[in-house]
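Readers should treat all values here as calculations from the given coordinates under stated rules, not as data from a laboratory. Please read all numbers here as calculations on a predicted model, not as lab measurements. So basically every Cβ, Gly included, is an ideal-geometry build from the backbone, and we count neighbours across all protein chains shown.
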Amino acid sequence: MRKINFLGVGIEALSYQEMFSKADEWLKNKNSRSHHIACVNAYCVTLALKNERLKKIYNNADIVGPDGMPFVHWMKLVNGKKSDRFYAPDVLMQFVKRTKEIPYSFYLYGGSPDVVKKMNDNLLEKYPYLNIVGYYSPPFRELTEDEDAKITEELNRIKPDLLIVGLGTPKQDYWISEHREKIKGSIMVASGATFDFLGGRIKMAPVFIQKSGFEWLYRLLSKDFLRLWKRYTVLNIIFLWNFFLQIIKIKKFKLVE
């Protein structure tokens with residue numbers, strides 16, 4: 001069993017090498033619908049508890065990877081399968097580094113205007129071989145039909161291999177769901193704070209903290225405390241309580257597709 005049920009969201013035990021195999025197969029047909037890589041953590045799962053639309057989006061993603069070391073450890077314990085951690089910045093960097101072998105093209109969609117530009121500049125400075133074919137910072141409000149049609153048309157014209165979407169959860173998940181069929185031939189990666197990390201707005205936790213499973217505490221104590229305190233306190237408690245009830249089989253959660 002490759003998927004483990006976390007409160008109704010099925011998360012896969014998957015390696016980056018398996019991700020590359022899938023990605024290379026998808027990109028053979030640039031006229032097919034786009035594909036969705038969802039990096040799912042406790043916050044995503046907790047939001048999906050009361051949001052059937054979001055739960056369906058995650059369960060229908062082409063890859064549903066574990067964004068959190070506790071998820072990775074639990075899947076190893078339950079089904080004996082090792083999995084890489086599908087932390088959105090790491091997923092992006094895996095594709096960036098592999099670009100030396102496979103010439104992927106990238107498009108950055110999200111972030112504030114200064115952050116997405118800085119992210120673009122930082123990536124090209126560090127990895128000058130990258131082919132970033134464009135970037136766009138959409139307005140914070142919902143796009144008008146004309147604005148949406150324009151960006152969809154541009155992305156269909158450019159056909160980037162990797163479309164990195166950083167609009168925050170769950171906005172980025174809704175956007176991907178609404179555009180996966182409209183935009184052809186791309187792999188859409190829901191990337192959350194990746195834009196802020198690579199755009200220099202906030203610092204990424206050191207690797208040893210990421211591997212420890214306590215990155216949430218590092219981020220909680222960052223400049224984004226006011227925005228994140230509820231996510232890493234109240235919502236984490238809700239997740240842990242419901243997951244405990246699932247483990248002892250007092251409460252069941254269906255995988256909704």
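So the values come out like this:
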item	result
Listed residue pairs exceeding 28 Å between alpha carbons, taken from Lys171/Lys249; Lys117/Lys184; Lys182/Lys252; Lys81/Lys252	Lys171/Lys249; Lys182/Lys252
Rel. contact order, % - alpha carbon contacts under 8 angstrom, at least six apart, the chain	27 percent
Neighbour-limited loop hits for chymotrypsin sites (Phe, Trp or Tyr not before Pro), the stretch 134-172 (at most 10 other Cβ within 10 Å; DSSP other than H, G, I, E, B)	Phe140
For the stretch 3-201, share of DSSP beta bridges that run antiparallel, in % to the nearest 5	20 percent
Helix axis angle, 236-247 relative to the chain longest principal axis, alpha carbon, degrees	60 degrees
Among the listed pairs Lys100/Lys159; Lys56/Lys251; Lys3/Lys82; Lys30/Lys118, those beyond 21 Å (Cα-Cα)	Lys30/Lys118
Angle between the chain longest axis and helix 69-79 axis [Cα atoms, degrees, rounded to 10]	60 degrees
Prolate/oblate/rounded call for the stretch 110-165, Cα gyration tensor, a/c under 1.5 rounded	oblate
Taking His36, His179, His73 and counting other C-beta atoms within 10 Å, the order from fewest to most	His73, His179, His36
Whole-angstrom Cα spans of the stretch 5-150 along principal axes, big to small	42, 39, 30
